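Encoded as structure tokens, the structure appears first; notes follow it.
The values are calculated or read from the model by the stated rules, or taken from the named source; none is laboratory data. Keep in mind that this is a model prediction, so the values were computed, not measured. Backbone-built Cβ (ideal geometry, glycine too); neighbour counts: all protein chains shown. Note: areas computed on protein heavy atoms with side chains; ligands, DNA, RNA excluded. Shrake-Rupley method; radii C 1.70, N 1.55, O 1.52, S 1.80 Å.
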Amino acid sequence: MSWTLIAAGAVFVLAPSVAVLLGWRPRLLRHGQAPVRLLGVAGLCMYGAVLIDESARLSGPSQEVVRVCAYVALGLVFCSVALVILFDFLGSSSRSRRS
């Protein structure tokens, strides 16, 4: 299950996040003024959380190490959520200026 999660995250989260960081803008976000690269960084944080958590479980360390890795992964998830909220906030302020 862990290898599947890592591979699926690489395809569905990591690849689009790197593409956004390299300048690709998804069709739904092409007309907005918010910095789309925030979503790319949010995706990298989310994939980092998956990678840290699942690789710790695969390597078979002690429970304390697994717990610390889970807390680090949780921190990365919170960082990712904060970046998406910031993206939405910056996008809504640019929408209100256009109207």
Task: Average accessible area per residue (Å²) across the chain - probe 1.4 Å, nucleic acids and ligands excluded - done: 67 Å²
- [ ] Identify, among G43, W24, L76, the residue whose Cα sits farthest towards the positive end of the charge dipole of region 19-85, taking +1 on the Cβ of Lys and Arg and -1 on the Cβ of Asp and Glu, with the dipole about the Cα centre.
- [x] W24
TODO: Report relative contact order for region 14-99 in percent, whole number only (criteria: Cα-Cα under 8 Å, sequence separation at least 6).
DONE: 37 percent
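List every DSSP H helix in the chain whose Cα atoms extend 30 Å or more along the helix's own long axis and whose mean Kyte-Doolittle hydropathy is at least -0.5.
Those that pass (Cα extent of 30 Å or more, hydropathy at least -0.5) are 37-59, 63-98.
Leaving ligands, DNA and RNA out of it, report the carbon-plus-sulfur percent of the accessible area of the chain at a 1.4 Å probe.
70 percent
For V11 and R30, calculate 0.36 nm times their separation in residues minus their Cα-Cα distance, and state this gained length in nm to one decimal. Mind dumping the intermediate values first?
Numbers: separation 19, 0.36 × 19 = 6.84 nm, distance 2.23 nm.
That works out to 4.6 nm of additional length.
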TODO: Consider the candidate values [x] 1.27; [y] 1.45; [z] 1.00; state which one is Cα Rg over 2.2 N^0.38 Å computed from the structure displayed.
DONE: [x]
